[in-house]
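Participant: One structure, pasted below without further comment.
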Amino acid sequence: MRQTGQVGRLGTPPPVPGRPTIFRWAAVLSALFFLFLTWQIAVGGALRRADERLGDAIGSSGLSKRAAELLADLGNITVALPVLAAVLGYAAWRGRRDGVPRWWRRPVTAALTMAAVPLLVVPVKETVARTGPAVMGPGTGFYPSGHASTAAVAYGACLLILLPYVRGAYVRRELVIAYAVLNAAVGLGLVRRGYHWPLDVIGGWCLSVVLLYVMCAVWAGRAPRG
């Protein structure tokens, strides 16, 4: 049974955006949608053709390439991993200082979740072998987007780890909104620069929702309760 008390107190399970049932269904629907997208892209279905038309339109939009590059860079491992490492270090220090049982569990699980990203993304890239926008040349392996997955998982893990230490529902809500805006910005930058098609990004987000849900379930030792 959940203990009550201050935010971040011993025994408080990791919070998740919205009600736990919504988060659970979001993970299930994300997995199903990912399978549907993968099928459409692999067989060259109507959704893939519409996706490429949309990608071309975004690629020729008015957003400056320099700004798009900066946004896309937020999904680089060299940017996202140091941010995650700093947050995990803080969480480990706080947990140990506060005498939290198994204080290492959340940081370690978050790190393993991040490590799982390429283990899932790379095989799908190789299997689907999707070609990228024209500016990327004749290469393949663009679906799903590793940059989008990296950003969503790394910053999502940071958000879920830090929320127990944040007081006030308003601040929590704003952090969740900031997370969503940040990932949307990364996705826009990737498509505008021609690094990925829109569905590459969405596919990466779908995988990330599933990974973050599993991470929270491991933290809680069951389906997460928020």
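The values are calculated or read from the model by the stated rules, or taken from the named source; none is laboratory data. For clarity, every value in this text was computed on a predicted model and none was experimentally measured. Cβ: placed from backbone, ideal geometry, glycine included. Neighbour counts: every protein chain shown. Ligands, DNA and RNA are stripped out before the accessible areas are found, and what is left, the full protein with its side chains, is counted by its heavy atoms. Shrake-Rupley method; radii C 1.70, N 1.55, O 1.52, S 1.80 Å.
Participant: With the stretch 44-101 as the region, which helices (runs of 4 or more DSSP H) entirely inside it contain at least 1 residues that are over 14 Å from Val191 (Cα atoms)? It would help to see each step written out before you state the result.
Facilitator: Working: elements: 46-59, 65-73, 77-97.
Where helices (runs of 4 or more DSSP H) fall fully within the stretch 44-101 and carry at least 1 residues being over 14 Å from Val191 (Cα atoms), they are 46-59, 77-97.
Participant: Determine whether Thr131 is in contact with a strand residue (DSSP E or B) (Cβ under 6 Å, 6 or more places away or on another chain), modelled with pLDDT of 95 or more and hydroxyl-bearing (Ser, Thr, Tyr).
Facilitator: Values: in contact with a strand residue (DSSP E or B) (Cβ under 6 Å, 6 or more places away or on another chain): yes; modelled with pLDDT of 95 or more: yes; hydroxyl-bearing (Ser, Thr, Tyr): yes.
It is true that Thr131 is in contact with a strand residue (DSSP E or B) (Cβ under 6 Å, 6 or more places away or on another chain), modelled with pLDDT of 95 or more and hydroxyl-bearing (Ser, Thr, Tyr).
Participant: Right, here's the next one. Could you please let me know if Val122 is surrounded by 12 or more Cβ atoms within 10 Å (Cβ to Cβ) and either among the acidic types (Asp, Glu) or touching a Gly at 6+ places or on another chain (Cβ under 9 Å) (or both)?
Facilitator: Working: surrounded by 12 or more Cβ atoms within 10 Å (Cβ to Cβ): yes; either among the acidic types (Asp, Glu) or touching a Gly at 6+ places or on another chain (Cβ under 9 Å) (or both): yes.
Considered against the rule, which asks whether it is surrounded by 12 or more Cβ atoms within 10 Å (Cβ to Cβ) and either among the acidic types (Asp, Glu) or touching a Gly at 6+ places or on another chain (Cβ under 9 Å) (or both), Val122 comes out as yes.
Participant: List pairs: first in the stretch 15-27 and within 23 Å of Val166 (Cα to Cα) and open to solvent by 30 Å² or more (accessible area, probe 1.4 Å), second at pLDDT below 70 and of a type in the set (D, E, K, R), Cβ under 7 Å, 6+ apart or cross-chain?
Facilitator: Note: pairs meeting the criteria are Pro20/Arg225.
Participant: Closer than 18 Å to Arg48 by Cα and under 16 Å from the mean Cα position of the chain (by Cα) - does that describe any residue in the stretch 130-143?
Facilitator: yes
Participant: Now, a different point. If you take the residues in the stretch 152-202 that are in a helix (DSSP H, G or I) and basic (Lys, Arg), which one is surrounded by the fewest Cβ atoms within 10 Å (Cβ to Cβ)? Please lay out each step first, then the result.
Facilitator: Going residue by residue through the stretch 152-202, those that are in a helix (DSSP H, G or I) are 152-165, 169-192, 198-202.
With basic (Lys, Arg) added as a condition, the list becomes 172-173, 192.
Details: Arg172: 18, Arg173: 11, Arg192: 23.
The qualifying residue surrounded by the fewest Cβ atoms within 10 Å (Cβ to Cβ) is Arg173.
Participant: Kindly indicate the residue of the stretch 82-111 that is over 21 Å from Val166 (Cβ atoms) and without any contact (Cβ under 8 Å) to a residue 60 or more places away in the chain and also farthest from the chain's Cα centre (by Cα) among those meeting that condition. First the steps, then the outcome.
Facilitator: Looking only at the stretch 82-111, we keep the residues that are over 21 Å from Val166 (Cβ atoms), and these are 82, 101-102, 104, 108, 111.
This time we only want the ones that are without any contact (Cβ under 8 Å) to a residue 60 or more places away in the chain, so: 82, 102, 104, 108, 111.
On the way: Pro82: 16, Arg102: 25, Trp104: 22, Val108: 17, Ala111: 13 Å.
Per the stated criteria, the residue is Arg102.
Participant: Still on this structure, I have one more. Just the residues that are at pLDDT 90 or above and open to solvent by 30 Å² or more (accessible area, probe 1.4 Å), please, taken from the stretch 204-226.
Facilitator: Trp205, Val209, Val210, Tyr213, Val214, Val218
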